[in-house]
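Below: the structure, in structure tokens.
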Number of protein chains: 2
Amino acid sequence: MNGSGTAPAVPRPAYRRMGVEQRRTQLLAAALDLFAQRAPEDVSLDDVATAAEVSRPLVYRYFPGGKQQLYEAALRSAADRLEGCFAEPETGPLTQRLSHALDRYLAFVDEHDAGFSALLQGGSVVETSRTSAIVDEVRRAAADQILRHLGVPEPGVRLRMAVRMWITAVEGASLIWLDEDKQPALDELRDWLVDHFVALLTATAARDPQTARVTRAALGMEPADGPVGDLARRVLPVVKDAAHLL
Amino acid sequence: MNGSGTAPAVPRPAYRRMGVEQRRTQLLAAALDLFAQRAPEDVSLDDVATAAEVSRPLVYRYFPGGKQQLYEAALRSAADRLEGCFAEPETGPLTQRLSHALDRYLAFVDEHDAGFSALLQGGSVVETSRTSAIVDEVRRAAADQILRHLGVPEPGVRLRMAVRMWITAVEGASLIWLDEDKQPALDELRDWLVDHFVALLTATAARDPQTARVTRAALGMEPADGPVGDLARRVLPVVKDAAHLL
């Protein structure tokens, strides 16, 4: 793995000008970009070196563990960015906060499509219990954020599960959206996922007093011209013939 | 891989009495049972031989590809059983059919817990694109069944996605349920997942004419004392203070 035979005898100026952190960031960005376009097993260190316009030995100097280490580092940086998507001030109607977070999350999905699928769908040769742990950490961070916004310091099992179920559904929807050639448009998908959250929370409230309290408080903060008002007005004609159920 | 050194010189009578298919079924059942208790990487062919009370060479004779082949075959048989869970006559209210299918599915999850988690959570060393394809096939079969019960020969992207999202949510809920020490009770989880389906379908109906038609037809078949009537009556007090949204 010395590679001195292929490295240029005189390093190009760019090699010296970049600091260690800067170079590492550049290599990770190049790797993440490649992992976004193809399945991890179809990306080689040579590809990363070419994309970053450096020699293969240089890539190895930064990531002596080879592709596995590079993949985990790229995943780590993607996870940090994803966790950043969920940060949102605790003001305004809940559906508005959720929409903002979803906009950032779905932009990430749109940008990293093949890599996002490969990671979440499994079956990748570079997937390990460590990479699964990173993905789980992102899920946990998302759930914690939502519960914080719901204002529940000690969520019971129903509310906890409802939030985790919705996060699973969002992930699933993202994969299906990629699979369906990115249909419907991103803002429609976002609004639908917000509706899904409201519907799941309300259905859960029907059987769980804690969720019922949270739902009442959240609905009280929604404006009539917001997404929940819109959803309520659109649902009424669908259910109006089912008066026998009340 | 001949193993003649470890096999008993005189095969036990049980060896001869069993036919090829019967033996194969027995080995698969033993393997599936082990994969249910531990992660696939912690199950060896020796364990399978011990559990089935046969010699290791015999296991190799049936599965010359070793553990990977045995795992895939066990997964294949599990997938067939799972697909069988979804078969349900097309009569009666939709939520009743869904409840029956969920009862069978959740019983499977309960029975195969560790193996079910390992498979769906990824990160297993025996996971490959082939095992992922088997899991995807089960998901597709479930979606096809639901769309058939909804009576939609040509579902649009919204309805198709809604059904797939719910299936993802059911899978997620199963994993979370295992993670939450099997809380709440299985029948409560089942009822909640049915409520979730009704809520998601109704929320989707708000924006999609095809889903609206399907939802109206499905609600029309529900009895007042069924799960949808129950859900509607429990939801009303939660949303009654949100009249400003209408």
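The values are calculated or read from the model by the stated rules, or taken from the named source; none is laboratory data. Values in this document were obtained by computation on a predicted structure and should not be read as measured data. Note: ideal-geometry Cβ built from the backbone for every residue, glycine included; neighbour counts use all protein chains shown. Just so you know, the surface numbers come from the protein's heavy atoms only, side chains and all, with ligands and any DNA or RNA stripped out. Shrake-Rupley method; radii C 1.70, N 1.55, O 1.52, S 1.80 Å.
Check whether at least one residue in segment A:234-242 is more than 8 Å from every other protein chain (Cβ to nearest Cβ) and within 26 Å of B:Ile167 (Cα to Cα), and report yes or no. No, segment A:234-242 contains no residue that is more than 8 Å from every other protein chain (Cβ to nearest Cβ) and within 26 Å of B:Ile167 (Cα to Cα). Any residue in segment A:156-176 that is over 24 Å from the mean Cα position of the chain (by Cα), open to solvent by 10 Å² or more (accessible area, probe 1.4 Å), more than 7 Å from every other protein chain (Cβ to nearest Cβ) and not hydroxyl-bearing (Ser, Thr, Tyr)? Taking every residue of segment A:156-176 in turn, at least one turns out to be over 24 Å from the mean Cα position of the chain (by Cα), open to solvent by 10 Å² or more (accessible area, probe 1.4 Å), more than 7 Å from every other protein chain (Cβ to nearest Cβ) and not hydroxyl-bearing (Ser, Thr, Tyr). Of the residues that make up segment A:38-46, is at least one touching a helix residue (DSSP H, G or I) at 6+ places or on another chain (Cβ under 9 Å), open to solvent by 50 Å² or more (accessible area, probe 1.4 Å) and more than 19 Å from B:Ser129 (Cβ to Cβ)? Yes, segment A:38-46 contains at least one residue that is touching a helix residue (DSSP H, G or I) at 6+ places or on another chain (Cβ under 9 Å), open to solvent by 50 Å² or more (accessible area, probe 1.4 Å) and more than 19 Å from B:Ser129 (Cβ to Cβ). Among residues of segment A:72-88 that are over 15 Å from A:Phe116 (Cβ atoms), those with a Cβ under 9 angstrom from a residue that is open to solvent by less than 20 Å² (accessible area, probe 1.4 Å) and of a type in the set (S, T, N, Q), sequence gap 6+ or separate chain, pair up as A:Glu72/A:Thr131. Just one of the numbered conditions (1) part of a helix (DSSP H, G or I); (2) under 17 Å from A:Leu106 (Cα atoms) is not true of A:Ala87: (1). Counting the residues of segment B:90-125 that are surrounded by fewer than 20 Cβ atoms within 10 Å (Cβ to Cβ), outside any helix (DSSP H, G or I) and either at pLDDT below 75 or among the basic types (Lys, Arg) (or both) gives 2. Pairing residues of segment A:21-40 that are assigned to a helix (DSSP H, G or I) with residues that are acidic (Asp, Glu), at Cβ distances under 7 Å and at least 6 apart in sequence or on separate chains, gives A:Leu34/A:Asp47; A:Ala36/A:Glu111; A:Ala36/A:Asp113. Looking for something modelled with pLDDT under 75, hydrophobic (A, V, I, L, M, F, W, C), open to solvent by 80 Å² or more (accessible area, probe 1.4 Å) and outside the structural domain of B:Glu111 (by TED's automatic domain parsing) - is there at least one such residue anywhere in segment B:6-23? Yes, segment B:6-23 has at least one match. For segment B:178-198, taking the residues that are open to solvent by 10 Å² or more (accessible area, probe 1.4 Å), touching a residue at least 12 places away in the same chain (Cβ under 8 Å) and among the aliphatic types (A, V, I, L, M), the one that is nearest to the other protein chains (Cβ to nearest Cβ) is identified as B:Val198.
Quick check on this structure: which one of A:Pro223, A:Pro209 is surrounded by fewer than 18 Cβ atoms within 10 Å (Cβ to Cβ) and under 19 Å from B:Pro227 (Cα atoms)? Steps first, please.
On the way: A:Pro223 fails: under 19 Å from B:Pro227 (Cα atoms).
Of A:Pro223, A:Pro209, the one residue that is surrounded by fewer than 18 Cβ atoms within 10 Å (Cβ to Cβ) and under 19 Å from B:Pro227 (Cα atoms) is A:Pro209.
Checked against the criteria, B:Ala232 counts as outside the structural domain of B:Gly151 (by TED's automatic domain parsing), surrounded by fewer than 23 Cβ atoms within 10 Å (Cβ to Cβ) and either out of contact with any Gly (no Cβ under 6 Å at 6 or more places or on another chain) or modelled with pLDDT of 95 or more (or both).
On the stretch given as segment B:133-155, residues that are touching a residue at least 40 places away in the same chain (Cβ under 8 Å), farther than 30 Å from A:Gly156 by Cβ and more than 11 Å from chain A (Cβ to nearest Cβ) total 10. Can you tell me how many residues in segment B:53-84 are part of a helix (DSSP H, G or I) and farther than 30 Å from B:Ser132 by Cβ? Summing the residues that are part of a helix (DSSP H, G or I) and farther than 30 Å from B:Ser132 by Cβ in segment B:53-84 gives 1.
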